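What follows is a single structure, written as C-alpha cells, with notes after it.
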Amino acid sequence: MRMNGTSILARSAPWAAAALVAAGCAGAGPSSEGVLGRGFDPAPPAVSSPSASPGGVGEVRQSVLGLRRGLSNQEERIEESRKAIQGLVDGIERNSRNTEAALKKLGLQFEEVRGRIESLENEVTLLRQGRTGAPAPGAPAAPGAPPAPGSPPAAGAEAPAGAPAPGAPPAAAPPAAGSPPAAGTPAPPVPPQAASLPRLPEAPAVPPAAPAPKPPDPEEEFNQSLKVIQEEKSYPRGRALLSAFIAKFPAHELADDAQYWIGQTYFEERNYERAILAFNKVQVDYANGDKAPEALLQEGMSFLSLGDKASARELLMRLQQKYPNSEAARTAEERLKSMQ
C-alpha cells in the first residue's frame, strides 16, 4: 500500500526534534541554556599558564634568587657605610671632648696665674706701704735739733768758748767757795775777758721718745677681714685683706682659714673656676689645717655647680676617705646620695 509523503514527515517529526536536542546538548556542555535560550555558544580557547612550562618557572626562580643576593649585598654595604660614619662621629665627639677638657684645664691654669699675680701685687703694695714714712738711713737731722747724747760734734763745728779742746786733759776742778786755797797752790788767774762773755743759753729739754707702735694682732686683722666679707658683702675688698693677711702671717694658724674664705668669696660670686683654684690651694698649702675638709667639700660643690658631676663625685668620695670623721664628710655623703 502506498503511503503519503506528508504523513511520513508528520510521523518522523518528533524523532527529528529529539535528535536535534541531543546534538545541541552535546555541543554546549552540561548546560543547555546556550541552545535553548542564547543560541550556540562556542567554547573559549585554552590559555597556556607558566606552570605548564617547567623551563619558565626555573628562570623566574633564578631571577628572584639574584634579586635577593643583590639586596643582601646592598644591605652589607649600607651596614659598612653606617659603621664607618659612626666611627667618624665617635672620633669627632672624642676630639671635641678632649678639646673641651684641654680648654678647661688652660682656663684653670690661667686663673691660677692671675691669682698669683694678684697676690704678688698685694705683697708689693704692702711693702710699699711699710716703707712709706720711715726715714731713710743717713738722712741729715733737722736744723736746730740738739745732737744726740754721747755723739761726737760734727766736723768743722766750733767748740763753745771756754770748752776744752778735744783730746786735752780735763781742767782741774775749782775749789769750793769759802775754802782756803791748798798750800803751795797759787790761785788761778781770772782772765780779763771772762766777765764780758755772754751767758750761754740752756740746752732745750729732749722730748721723751715716742712709745713703740703696738705690734699687729693677727686675730684682729682676720676678724676685720671676715667682717668685710660677711657683713658688708664686699668680696673684692675682703679678698685683698685676706691676701694681705696671708702675706704677713703665712705660718699663722688662721692662714688656712683666710685662704678658705678667699675661695668662698669666689663661690658666692658664682666664679666657680677661681673658687676651685682657691679651695685647692688650701689642700696644697694647708693640708693639715682645720679648714682642709671644708675646702675639699666646697671644691667638689664648685665642680657640681659647673655641671661636672664626675669630678664632683670623685672629690666627695676622696673627702670621705681622707677625713671620715669630719662634719664635711657627713655632708659629702648626703650630697652623694642626692646625686644618684
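The values are calculated or read from the model by the stated rules, or taken from the named source; none is laboratory data. Not measured: the values here are computed from a predicted model. Reconstructed Cβ throughout: ideal geometry from the backbone, glycine too, with neighbour counts over all protein chains shown.
Data for the structure
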read-out: Within the stretch 304-324, considering residues that are in a loop (DSSP other than H, G, I, E, B) and in contact with a helix residue (DSSP H, G or I) (Cβ under 6 Å, 6 or more places away or on another chain), the one surrounded by the most Cβ atoms within 10 Å (Cβ to Cβ); value: 323
read-out: Some residue of the stretch 294-303 being surrounded by fewer than 22 Cβ atoms within 10 Å (Cβ to Cβ), assigned to a loop (DSSP other than H, G, I, E, B) and either within 12 Å of the chain's Cα centre (by Cα) or at pLDDT 95 or above (or both); value: no
read-out: Any hit, the stretch 325-338, residues being over 18 Å from residue 263 (Cα atoms), modelled with pLDDT under 95 and not in a helix (DSSP H, G or I); value: yes
read-out: Where residue 48 falls short, out of the listed (1) modelled with pLDDT of 80 or more; (2) hydroxyl-bearing (Ser, Thr, Tyr); (3) over 30 Å from residue 240 (Cβ atoms); value: (1)
read-out: Selected residue [out of contact with any strand residue (DSSP E or B) (no Cβ under 8 Å at 6 or more places or on another chain) and assigned to a helix (DSSP H, G or I)] from 240, 251; value: 240
